[in-house]
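Laboratory data are not the source of any read-out in this text; all were calculated from the coordinates shown. These figures come from a predicted structure and were not determined experimentally. Here the Cβ is made from the backbone with ideal geometry for all residues, glycine too, and neighbour counts use every protein chain on show.
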Amino acid sequence: MTDASSEIAALAARWVVEEGLEYGPAKRRAAKQLGLSGRAALPANEILEDAVMEYIAIFCADTQPQELLALRRLALVWMERLHEFRPYLGGAVWHGTATRNSDVYLQLFCDDSKSAEIALIDQRVSYVPRTVTGFTGDAVEALSVHAFCAELNEEIGVHLMIYDFDDVRGALKPDAKGRPPRGDAVAVRRLLQVVSA
């Protein structure tokens, strides 16, 4: 890793933790602040994740574990509400690098892409539909809601990415570190039991 790449990762990690920025925007913002050209090699997400974990260990070790626990509990509530759509938790809340500034990302695998939207309407949940880049690199529909997290006493963004049912096979391939990139409700409950044990 080059010096510039490690500088970008260190600076981006601060914004990921303190402002809840996603990895891509945080890396680009860090490169710009460091005066690097738009063609500068940005660090891989795995390198940035390591920098985020290091930042948390140094600056947030006393608060982050409880915040992560609260976010995982909130994620599980939404996974149970939307169980019929085979939800999986991904992102920082799944990987353990989330803080109170992080959003919750759930991937739903539906036979009919509109069925999740109808379920939210039936539950009287306000949402904002948008299009985002999914884990396959293709555009997917996302439904974003604000959910109150009592443990943190604030609203948290919960983003529901809608995938076809058949996409679930590709969703479970291990990441570059050999870890599952997301987990279902059983896996999230297991994470919660480990903490409470």
R0 of 35 Å, Cβ-Cβ distance residue 111-residue 45: FRET efficiency to nearest 0.05: 0.70
Per residue convex hull volume, Cα atoms of the chain, in Å³: 130
Cross-link pairs 27/114; 27/177; 114/177 - those with Cα-Cα distance over 31 Å: 27/114; 114/177
R0 of 30 Å, Cβ-Cβ distance residue 69-residue 18: FRET efficiency to nearest 0.05: 0.95
Helix-only CD estimate at 222 nm, as mean residue ellipticity for the chain, using -39500 (n - 2.57) per DSSP H run (n ≥ 4): -14000 deg cm²/dmol
Cα long-axis angle, helix 64-81 against the chain (0 to 90 degrees, to the nearest 10): 30
Residues whose placed amide H lies under 5 Å from that of residue 21, excluding near-sequence neighbours: 16
Cut-off under 5 Å, modelled amide H: who pairs with residue 60 long-range: none
Among 27-35, 86-94, 157-165, the order from most to least packed when residues are scored by Cβ within 10 Å on average: 86-94, 157-165, 27-35
In order through the stretch 145-157: 3J(HN,Hα) via Karplus (6.51 cos²θ - 1.76 cosθ + 1.60), integer Hz, x for Gly, Pro: 10, 9, 10, 6, 9, 4, 5, 9, 6, 7, 7, 10, x
Helix 23-33 axis, angle to the chain major axis (alpha carbon atoms, nearest 10°): 30
For the stretch 64-118 and the stretch 133-185, distance of Cα centres in Å: 6
Long-range HN-HN contacts of residue 156 with modeled amide H, under 5 Å: 147, 148, 149
Residue (of 74, 160, 126) at the positive-pole extreme of the stretch 64-196, dipole from beta-carbon charges: 74
Dipole magnitude of the chain about its Cα centre (Cβ charges: Lys, Arg +1; Asp, Glu -1), debye to nearest 20: 200
